[in-house]
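Remarks on the structure that follows.
The values are calculated or read from the model by the stated rules, or taken from the named source; none is laboratory data. All of these numbers come straight from a predicted model, not from anything done at the bench. Cβ placement follows ideal geometry from the backbone for every residue including glycine, while neighbour counts extend to all protein chains displayed. All accessible areas refer to the heavy atoms of the entire protein, side chains included, with ligands and DNA or RNA removed. Shrake-Rupley method; radii C 1.70, N 1.55, O 1.52, S 1.80 Å.
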Amino acid sequence: MLGGAIPFCVAVSAIADDTQVQSGDPAKEKKLEKVVVTAPAIAPKKTLNTVEMGEAAIAAKRSYTSDTAALFDDVPGLSRYGGGGVSSLPVIHGLNDDRVKVQVNGMTVASACANHMNPPLSYVDLRNIGKTQVLSGITPVSLGGDSIGGTIIVDSPEPVFAKQGEGVHTGGSVSSFYRSNGNGFGGSLNAEAATENLSIAYNGSHTQSGNYKAGDGMEVKSTRYENQNHAVTLAARSDDHLLVLNGGQQHMPYQAFPTPAWT
């Protein structure tokens, strides 16, 4: 009965050790130092299939692309069909177009053109995006629920208000870029002014590129584009209430769509 003897020996050892510790002999007492562990709280994800992206992650990707859908190239399960220079179509787990809901500032936007060649993400410039969220698979009813591929949510930056006692807050930024392949260039301007209760902000951008070249040096026809975006945000707050009005205009003089044949 070897199997029954082992637990018995362990139990006796534990009792003996406990008796030794609590025997009252100071030399045999074991004292542990107080250990305090601190760490920032980890905010749980809303769902396991949710990927969120903030201002810092978005800013790091603005220099190498003018296509808003390219922001999601690192999202698991998401790819895109290349179209025009700013109009690639996002695909989630092989599903695309109407099977993927796209929300821009809380509005569900549909693709333009009879063939849906201009998806909703092409309407908003990536320099006017503050945060994004991608939900793969079934979408909660709170977000519309009418999609089986997933949902992409894009929001503009939050309005900025002056701090208490600051008076009138002003700020702004200017950026530009140049890409040698296709001689692509562009820039953006952001300006804002606000009091403690009122805020106004403007964001404008211009991007333009000629036909780019493939790895073998051949020119890829019909890849040039030009795109201009203007957006104004008005906001007012009082106690726990916040009212935000967004208005924008997009002017796209031309955007070519490449064909499989290169000449």
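For residue 234, what accessible surface area do you get with a 1.4 Å probe? Give it in Å², rounded to 10.
Using a 1.4 Å probe on the heavy atoms, I get roughly 80 Å².
Collect residues whose amide H, placed 1.01 Å from N in the peptide plane, falls under 5 Å from the amide H of residue 88; neighbours closer than 5 in sequence don't count.
HN-HN under 5 Å from residue 88: 69, 83.
May I ask you to give the percent of accessible area on segment 189-263 that is carbon plus sulfur, with a probe radius of 1.4 Å?
Of all accessible area on segment 189-263, carbon and sulfur atoms account for 56 percent.
Work out the FRET efficiency for residue 97 and residue 59 from their Cβ-Cβ distance, taking R0 = 30 Å, and round it to the nearest 0.05.
The pair residue 97/residue 59 has a calculated efficiency of 0.55.
When the chain is fully extended, how far beyond the present Cα-Cα distance does residue 114 get from residue 198, taking 0.36 nm per residue of separation?
Gain in length upon complete extension: 26.1 nm.
Taking Cα atoms of segment 73-116, Rg/Rh with Kirkwood Rh, to two decimals?
Rounded to two decimals, Rg over Rh is 0.95.
Which loop trypsin sites (Lys or Arg not before Pro) in segment 105-190, with loop taken from DSSP, have no more than 13 other Cβ atoms within 10 angstrom of their Cβ?
163
Show me 167-178, 60-71 ranked by packing, highest mean number of other Cβ atoms within 10 Å first.
Going from most to least packed, we get 60-71, 167-178.
Among 153-161, 32-40, 194-202, what's the highest-first ranking by average C-beta atoms within 10 angstrom per residue?
Order by mean packing, descending: 153-161, 194-202, 32-40.
Which pairs in the list 131/163; 101/131; 131/213 are over 27 Å apart, alpha-carbon to alpha-carbon?
131/213
So, for segment 192-252, what is the accessible surface per residue at a probe of 1.4 Å, expressed in square angstrom?
Accessible surface, normalised per residue, equals 59 Å².
For segment 118-132, just list the computed ³J(HN,Hα) in residue order, Karplus coefficients 6.51, -1.76 and 1.60, θ = phi - 60°, integers in Hz, with x standing in for Gly and Pro.
Whole-Hz 3J(HN,Hα) from phi for segment 118-132: 10, x, x, 5, 6, 7, 10, 6, 5, 7, 10, 10, x, 7, 9.
What list of ³J(HN,Hα) values in whole Hz, one per residue of segment 60-77 in order, does the Karplus curve 6.51 cos²θ - 1.76 cosθ + 1.60 (θ = phi - 60°) give from phi, with Gly and Pro shown as x?
5, 9, 5, 6, 10, 8, 10, 9, 4, 5, 5, 4, 9, 5, 8, 7, x, x
State in Å² the accessible area per residue of segment 84-173; use a 1.4 Å probe, count heavy atoms of protein chains only, and round to the nearest integer.
Using a 1.4 Å probe on heavy atoms only, each residue of segment 84-173 averages 46 Å².
For segment 118-175, which whole-number percentage of the solvent-accessible area (1.4 Å probe, protein heavy atoms only) is attributable to carbon and sulfur atoms?
56 percent
Pop the C-beta distance of residue 142 and residue 244 into the FRET formula with R0 = 30 Å and round what comes out to the nearest 0.05.
Between residue 142 and residue 244 the formula returns 0.95.
If ligands, DNA and RNA are left out, what is the accessible area of residue 232 with a 1.4 Å probe, given in Å² to the nearest 10?
Residue 232 has an accessible surface of roughly 60 Å² with all protein chains in place.
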